[in-house]
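The values are calculated or read from the model by the stated rules, or taken from the named source; none is laboratory data. Small disclaimer: the values here were computed from a predicted structure and weren't measured. Ideal geometry is used to build each Cβ from the backbone, glycine not excepted, and the neighbour counts take in all protein chains shown.
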Amino acid sequence: MAALETALGRAQVLTELEDILPYGFDGTAALKQRPAAVVFPRTTEEVAHVLKVAREHRRAVVCRGNGTGLSGGSVPVSGAIVMALVKLDRILQLDTKNLTILVEAGVVTQQVYDAADAAGLFYPPDPGSMKISTIGGNVAENSGGLRGLKYGVTRDYVMGLEVVLADGSVCWLGSKCVKDVAGYNLRDLFIGSEGTLGVITRVLLKLLPKPAVRQTLLATFTAMDAAAETVSAIIAARIIPCYARVSRSHDDPLRGGFRARRTAA
């Protein structure tokens, strides 16, 4: 690990047991493994250097955002280096003319939504952990959320990616051009790959205009089947809600009833 400390600085490399233990698991129950070290690169160049050192010493590298995943994607294998990308946390460009935003992989999803919202725009993907999950993790896991019913998932909003491959080489996939159809679609290959093909360091995201109107409907039912059938009927009527949720309610007048909630936007 001396090579990593020399390249990144001692403060950006953790090796003590009490420091590395929290990076041995994510939100997945019962999955955990102790890494050999945890590194915190601040730039794409430092990410590339870590991968070169790991390749030279034949060490596995596992990427990590804020560790909110539920599929074990950021859980290290034995003896691996955990590369935490949370210090790549800059919003690099908000392009209101082309409806795009360019961010580093460690930017929190909520920050992307807030930046777009402040400019009168809308970033739809809303994983349940969006207040803490990172965009790099969202892309690696192809995260969705309740708004996915109407607007789709992360894949539908990624226009471009900067990735670092295992040999330390850096490449850009995609562009701001909507009709970018020439050649192999390597961008989509990386989305949902959980870090197995390379390290995502920057993401170019598509934004939408804000919905002109939003309306919320809350209905109470005495049976789950009736609530579920109502949600299906709404969609069959070609009214696609932003999200639809059926949940058990214990505080409504119909004791033990169910609530179906939808928001159209």
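Among the residues in the range 101-114, are any farther than 21 Å from residue 63 by Cα, modelled with pLDDT of 95 or more and not in a strand (DSSP E or B)?
Scanning the range 101-114, I find at least one residue that is farther than 21 Å from residue 63 by Cα, modelled with pLDDT of 95 or more and not in a strand (DSSP E or B), so the answer is yes.
Looking at the range 122-156, which of its residues are surrounded by fewer than 20 Cβ atoms within 10 Å (Cβ to Cβ) and not in a loop (DSSP other than H, G, I, E, B)?
The answer is 122, 148, 149, 150, 155, 156.
Show me the strands (runs of 3 or more DSSP E) found entirely inside the range 163-265 where at least 1 residues are modelled with pLDDT under 85 and not β-branched (Val, Ile, Thr).
215-221, 243-248, 258-264
Of all residues in the range 194-229, which are under 22 Å from residue 142 (Cα atoms) and out of contact with any strand residue (DSSP E or B) (no Cβ under 9 Å at 6 or more places or on another chain)?
196
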